[in-house]
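The values are calculated or read from the model by the stated rules, or taken from the named source; none is laboratory data. Keep in mind it's a predicted model, so treat the numbers as computed, not measured. We place every Cβ from the backbone using ideal geometry, glycine too, and count neighbours over all the protein chains shown. Just so you know, the surface numbers come from the protein's heavy atoms only, side chains and all, with ligands and any DNA or RNA stripped out. Shrake-Rupley method; radii C 1.70, N 1.55, O 1.52, S 1.80 Å.
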Amino acid sequence: MRTRVVNIVATAALAAAGLAACAPDAWQNYKASGFNDYLNVVQAECQPLWIGDMYLTTFDASAVPAQPGRFDSLLDMTSNLYYNRSTPAQFRVGLQSLVVSTNDPQTNRSIDCMIAKLPADRPRTPGGPVR
């Protein structure tokens, strides 16, 4: 009985720690209008948008239904980049970890475009630009 309680507490603590590490808009993206606007710019101006074998005609999980975990990672890394929680270099390495080869020209072109489309006044948290 005691072992079961310890396991439940440990699992709850790990889940809480995992959720705390998520990007600020991971669970409430509808409130992140600036981030959504950035994703709209990326999907419009960075086509063809390839991350490995994921071809994103729209920046939406429905565009890659067979790869939900990888899309979730892509969205989380992109959110961290947008909210200044990771550098462009960290973003590049993170996205390249999702693909087989770091030398994939389509993926690298898409990453370059995503970085180039970042707004200069992007915020540090959902809710507005850094002042």
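Taking segment 116-131 as the range and being at pLDDT 95 or above, open to solvent by 40 Å² or more (accessible area, probe 1.4 Å) and closer than 14 Å to N80 by Cβ as the test, no residue passes. The combined condition, being at pLDDT 90 or above, under 17 Å from L39 (Cα atoms) and more than 12 Å from the chain's Cα centre (by Cα), is not fulfilled by T57. Of all residues in segment 69-96, those satisfying the criterion of being in a helix (DSSP H, G or I) and charged (D, E, K, R) are R70, D72, D76, R92.
Can you tell me which residue is farthest from V41 (Cα to Cα) among those in segment 78-113 that are open to solvent by 40 Å² or more (accessible area, probe 1.4 Å) and in contact with a helix residue (DSSP H, G or I) (Cβ under 6 Å, 6 or more places away or on another chain)? My answer is T102.
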